[in-house]
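Everything below concerns the one structure shown next.
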Amino acid sequence: MAQLFEFEKPIAELELKIAEIQKFSADKGIDLSQEVSTLEKKAALLKKEIYGNLEPWQKVQIARHSERPNFYDYAPLLFEDFIELKGDRLFADDRSIAGGIALFHGMPVTVIAQVKGKDTKENIKRNFGMPHPEGYRKAVRLMDQAEKFGRPILTFIDTPGAACDLGAEERGQGEAIARCLLATSGYHVPVISTVIGEGGSGGALALGVGNVLLMLENSFYSVIAPESCASILWKDTTKAKEAAAALKFTAQDLLRLGVADELVREPQGGAHNNLHQTAEELSQVISKYLVRLRLESPEALRDQRYQKLRAIGVFQETADINNMLDSDVSTES
Amino acid sequence: MFKDIFRKTKYVTIKSGQNLDRRPSEVVPQEEPGIVTKKELPDGLWVKCPKCGEVLFNKNLEENSRVCTTCEHHFRISATLRLKLLVDEDSFEEWDADLKTQDSLDFPGYDEKISEAQEKSGMAEGVLTGRAKIEGVPFVIAINEAGFMMGSMGSVVGEKITRAIERAIKLRLPVVIFSTSGGARMQEGILSLYQMAKTSAALGKLAENHLLYISVVTDPTFGGVTASYASLGDIMISEPNALIGFTGPRVIKQTMRQELPAGAQTAEFNQEHGSIDLIVARNQMRPVLARLLRYHQEGARYGTTV
Ligand SMILES: [Zn+2]
C-alpha cells in the first residue's frame, strides 16, 4: 500500500511485527506459529475496530485516496462492452466526464461518469475531475440520446466540484449544471446514480438526480468541501475534521437522511484494497435496482424521480393554512 | 446646509473618482459556491455610492429606487422593497409565510444565525413568494432576500420556490423569480444541495405546461442558485452591473491563481458571453416585465381559443 493514513498506522505496525516474527522463525528454525496466530487474531480485531469505526474525516481521506479506483478501473469489470462517445458538439470534449454506451448484464445502457486522474499528469488532463460546462453539456447530449433510444442511464459521481476558473464562468457553468438537473428530471428511462468517491457540491449533483442514489460505503457527498466549510465557520482550514462531522455527508449520513437509497459494500479499508470485489458488489447492487426499475412504466419512472426530489428538505409548517391554500387555489385571479 | 456639504463632496469625488471597480465595497460575494456572507444595508441619513463616491441622502436614494442619482449604480434592495417597486398596489398575496427553518443537522451555530438573519431582514426566511399583478396581468413571483443569510437556499427557500412553481402550474400563471443568493446553504448540508434539483425539476414541469418563466438575476447571484433556477429562465434578465457567476471571484483568484479581467462576472460580461437576454435598469423593470407577461398571456398562444 503506497499511501497509508495516520489511523492505519497501528495496523501496519502490527503487520510488520508479524512479518518480522515469521522471518525470525524461518531463519532460526523455531516454531512461533502460536505467537503468529495470536498476533494475527489481534490484527484482525484491530482492523475491524479501526475500519468499523471510521470518522467522517477518515472516510474523506479514503474517498480521496490517490489509488481509489476511478470509473476507468471499474468499466471493464462492470460492462461487457463500453464504447466511449465524446464531445458536447458546441465547444470541446471534457475529459473529466466520460460518457458512452455500455453493455451491462447484457443490456445496452448509457453511462456518464466523472473521472479523476490517478497521477499528476492524468489529473492535469482530467482537470482533477472538475468538469467544465462542456462536460455537463456532453452529459445532457448523451442522456438525451438514452431517452431517445430508451436506454437506462447509469451515472457515476467522483468530483471535488465543478471547474472554478474564468473559462467555466464565460461558458456558463451555472447554466450547464442547471440544464443537467432539468434534463434528468424529464426522462422516461431509469436513471441510477452512484457516488463512487467524492461527491463535491453542485458539480456532483448534476449527475446525482436519478431514480435511485447509491453510494459506496466510504464515499461522501457534500454541499461544500470540508476545508472550505472550516474556513468559513472557523476561519481555519485545518479544522476540516470538525467540519466533516458537522456537515453530515458520509454515505451513512445520507442513507439516514433519506437522500441515498442503498450503500455498496467496500472491502475492509476501502475500495483500493480490492478493485474486483468492489466492482462485483457495485454490479450486483446496480443490477438489482435496474431490474426493479425496468418493471415501471416510463411515466411512473419520471414521476417517481420527481417525487423523490420533492420529498427532500426538512422544515416546520402550520400545515392547515397551506393545505387550505392548495385546495382553495382558484383558477381565477 | 448639509446638502451643500454633500454637494461639494460630490464634485471632488467625481473629478478624482476614476476607480472603476464595479463592486461596491460592502458587497462580499460569497466565497464558495453554496455559501453565505454578511452584508449590511446602508443605514442612517446618508450613504456613499460605492461606485462613483457620491454621497447620497438615503431619502433621495429611496425615492430613486435605491439607484445612485449620479452614476445609476444599483444598490441592493430588500425583497419587500423590490415587491413594492414592482407590482400593482395591493395585488400581492403571500404564500407559505409559515414555513419555518429547522436545524435538521444540528449544525454549529445555525439557530443563532437564523435568529440574527430574521432580526436583520425582518423576514422569516430567505425568499418571499406569492402571486401578484403587474399592470393588471397576474403572475407568480418569488424574490430572494439578500439580507437573510445572503439569500442562501436551504430547505425552506427550496420548498417555497417549488410550491410557488407548482401552484403556478395549477393556476396557469407565468413565474418571475428575482434571485440574489450566495448559493446553497451550508448549514443544511446535502438537503440544501438537493433544493437545486427540486426547484429545477419543478421548472421542468412548468415548461412542459407551456408556461413562461422569467428569471431576473440580481446582485449578487452565485453558486447553487446560479446552477439551478436562476439560470433556467425562458427569458434571462439582469440589472446593470449585477455580479453573477457560479464561483465567487475570490475563490477563482485563490484556487486558480487567476486574475479576473475588469468587469468579469458582471451582468454585462454575462450578456456578452451569451447568458443574459436583457439588462434592465430598475426603474424600467416594471414596464418591461409588463410587456413580456402580456405577450405570453394564454390567449396569445397560437392554436388556443380564448
Ligand atoms: Zn454612484
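Pairs of alpha carbons in chain A separated by more than 31 Å make up 39% of all such pairs.
Would you report the distance distribution of C-alpha pairs in segment B:194-306 as whole percents per 10 angstrom bin, up to the bin with the largest distance? Distribution as computed: 13, 37, 33, 13, 3, 1 percent. Computed on segment A:9-53, the Cα convex hull volume stands at 43 Å³ per residue. Anisotropy class assigned to segment A:194-308 is oblate, per the alpha carbon gyration tensor with a/c at or over the 1.5 cut-off and a/b no larger than b/c.
When the protein assembly as shown is described by a simple charge dipole with +1 on each Lys and Arg Cβ and -1 on each Asp and Glu Cβ, the residue from B:Val137, B:Gly299, B:Asn270 located farthest towards its positive end is B:Asn270.
Given only helices, namely DSSP H runs of n ≥ 4 each adding -39500 (n - 2.57), what is the per-residue ellipticity at 222 nm of chain A, to the nearest 500 deg cm²/dmol?
-15000 deg cm²/dmol
Applying the criteria of a DSSP loop state and at most 16 other Cβ atoms within 10 Å to the trypsin sites (Lys or Arg not before Pro) of segment B:198-306 yields B:Arg257, B:Arg301.
What are the trypsin sites (Lys or Arg not before Pro) within segment A:174-278 that DSSP puts in a loop, where the Cβ has at most 12 other Cβ atoms within 10 Å?
Those that pass, being in a loop and sparsely packed, are A:Lys235.
Each Lys and Arg contributes +1 and each Asp and Glu -1, all at the Cβ; summed about the Cα centre of segment A:9-53, the dipole is approximately 160 debye.
Counting only DSSP beta bridges whose two residues both lie in segment A:61-311, roughly 40 percent are antiparallel. In a Gaussian network model over chain A where Cα atoms closer than 10 Å are linked, find which of A:Leu39, A:Leu247, A:Leu214 has the largest mean-square fluctuation. Looking only at A:Leu39, A:Leu247, A:Leu214, the largest GNM fluctuation is found for A:Leu39. Distance distribution P(r), segment A:125-185, all Cα-Cα pairs, bin width 10 angstrom from 0: 22, 52, 23, 3 percent.
Its residue count N sets the reference 2.2 N^0.38 Å, and the alpha-carbon radius of gyration of the protein assembly as shown equals 1.05 times that reference. Distance between the C-alpha centers of segment B:192-263 and segment A:15-35? Whole Å please. Result: 64 Å between the Cα centres. Secondary structure note: in the protein assembly as shown, about 45% of the DSSP beta bridges are antiparallel. The charge dipole of chain A, taken about the Cα centre with unit charges on the Cβ atoms of Lys, Arg (+1) and Asp, Glu (-1), comes to about 440 debye, rounded to the nearest 20. Restriction of the GluC sites (Glu not before Pro) in segment B:48-148 to DSSP coil positions whose beta-carbon has at most 16 other beta-carbons within 10 angstrom yields B:Glu72, B:Glu89, B:Glu135. Of all the options A:Thr184, A:Thr237, A:Thr159, the one that moves most in a Gaussian network model of chain A with Cα springs shorter than 10 angstrom is A:Thr237. Compute the separation of the alpha-carbon centres of segment A:131-169 and segment B:56-113 and state it in Å as a whole number. Going from one Cα centre to the other spans 35 Å. Net charge of the neighbourhood of A:Gly100, taken over other residues with C-beta under 9 Å away and scored Lys/Arg +1, Asp/Glu -1, is 0. The GNM of chain A, with springs linking C-alpha atoms under 10 angstrom apart, assigns the highest mean-square fluctuation among A:Ser96, A:Ser66, A:Ser37 to A:Ser37.
Given a cut-off of 27 Å, name the pairs among A:Lys239/B:Lys51; B:Lys113/B:Lys198; A:Lys47/A:Lys235 whose C-alpha atoms lie farther apart than that in the structure shown. Over 27 Å apart, Cα to Cα: A:Lys239/B:Lys51; A:Lys47/A:Lys235. Positive end of the dipole of segment B:78-301 (Cβ unit charges, origin at the Cα centre): among B:Ile235, B:Ile114, B:Met285, the Cα lying farthest that way belongs to B:Ile235.
Taking a ≥ b ≥ c as the square roots of the eigenvalues of the Cα gyration tensor, segment B:78-301 is oblate, since a/c reaches 1.5 or more and a/b is not larger than b/c.
We did not get these values from a lab; they are worked out from the coordinates using the rules stated. Predicted model, so just to flag it, every value in this text is computed and none were measured. As a convention, Cβ positions derive from the backbone with ideal geometry for all residues, glycine included, and neighbour counts pool all protein chains shown.
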